[in-house]
1. Inspect all residues belonging to the stretch 57-68 and state whether any of them is farther than 22 Å from Val4 by Cβ and acidic (Asp, Glu).
2. Which residues, counting only those in the stretch 17-28, are of a type in the set (Gly, Ala, Ser) and crowded, with 19+ Cβ neighbours inside 10 Å?
3. Hey, Leu103 hits all of (1) free of Cβ contacts under 8 Å to residues at least 40 places away in the same chain; (2) within 10 Å of the ligand (Cβ to nearest atom) but one; which does it fall short on?
4. For the stretch 73-92, does any single residue satisfy the condition of being in contact with a strand residue (DSSP E or B) (Cβ under 8 Å, 6 or more places away or on another chain), within 17 Å of Ser120 (Cα to Cα) and near the ligand (Cβ under 9 Å from one of its atoms)?
5. With respect to the numbered conditions (1) within 12 Å of the ligand (Cβ to nearest atom); (2) in contact (Cβ under 8 Å) with a residue 12 or more places away in the chain; (3) over 15 Å from the mean Cα position of the chain (by Cα), which one is the sole condition not fulfilled by His46?
6. Here is a list: Arg86, Arg56, Arg64, Arg104. Which entry is under 19 Å from Leu20 (Cβ atoms) and surrounded by fewer than 16 Cβ atoms within 10 Å (Cβ to Cβ)?
7. Which numbered condition trips up Ile118, out of (1) within 10 Å of the ligand (Cβ to nearest atom); (2) touching a Ser or Thr at 6+ places or on another chain (Cβ under 7 Å); (3) part of a loop (DSSP other than H, G, I, E, B)?
8. When the residues of the stretch 29-38 are narrowed to those that are more than 11 Å from the chain's Cα centre (by Cα) and within 13 Å of the ligand (Cβ to nearest atom), which ends up surrounded by the fewest Cβ atoms within 10 Å (Cβ to Cβ)?
Amino acid sequence: MKKVITYGTFDLLHYGHINLLRRAKALGDYLIVALSTDEFNWNEKHKKCYFSYEQRKQLLEAIRYVDLVIPETGWEQKSGDVREFRVDTFVMGDDWEGKFDFLREQCEVVYLPRTPEISSTQIKRDLGR
Ligand code: C2G
């Protein structure tokens, strides 16, 4: 069974996220999503999420492409996750291009083109208008 992993906040879930998850799943048989916790988002990414971790987890678990959701609590966990879950492929949107190449020693690393024009920030901006 080919296992794929990806990481993110996935707040205000939108079709850009779905495009990423669909393509990530297509690279294997089992997709793990490491979901940023509220603390990680706030302390490390300075993101205040609209939905809580539990709400964002519930949304992700309802997506047909997602097989498992685990917490992302820090930047340093990726190598351990790849080892622990015996991951074959690590996937991120290409806004992260090159940032996780150190994982190439352990697994395949794939950066997928982002879906242009949509983002959680854009949604907030438009709704605030
Ligand atoms: N994404 C995308 N297209 C968009 C928006 C997001 O392909 N229009 C992708 C991102 O490239 C990322 C994933 O969807 O791979 C999740 O996006 P975010 O929730 O913004 O994740 P991010 O804040 O980049 O967190 O340790 C890694 C971080 O947790 C990644």
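Taken together, the values in this text are just the output of simple stated rules run on the coordinates, not laboratory data. From a predicted model like this one, the values you see are computed outputs, not experimental measurements. Glycine also receives a Cβ, built like all others from the backbone with ideal geometry; neighbour counts cover every protein chain displayed.
1. No, because not a single residue in the stretch 57-68 is farther than 22 Å from Val4 by Cβ and acidic (Asp, Glu).
2. Ala24, Gly28
3. Of (1) free of Cβ contacts under 8 Å to residues at least 40 places away in the same chain; (2) within 10 Å of the ligand (Cβ to nearest atom), only one is false for Leu103: (2).
4. Restricting attention to the stretch 73-92, the residues satisfying the condition of being in contact with a strand residue (DSSP E or B) (Cβ under 8 Å, 6 or more places away or on another chain) are 77-78, 81-82, 85-92.
Now restrict to residues that are within 17 Å of Ser120 (Cα to Cα): 92.
When the remaining residues are screened for being near the ligand (Cβ under 9 Å from one of its atoms), the result is 92.
So far as the stretch 73-92 goes, yes, one or more of its residues are in contact with a strand residue (DSSP E or B) (Cβ under 8 Å, 6 or more places away or on another chain), within 17 Å of Ser120 (Cα to Cα) and near the ligand (Cβ under 9 Å from one of its atoms).
5. In the conditions (1) within 12 Å of the ligand (Cβ to nearest atom); (2) in contact (Cβ under 8 Å) with a residue 12 or more places away in the chain; (3) over 15 Å from the mean Cα position of the chain (by Cα), His46 misses (2) alone.
6. Arg64
7. (2)
8. Once the filter is applied, the top-ranked residue is Asp38.
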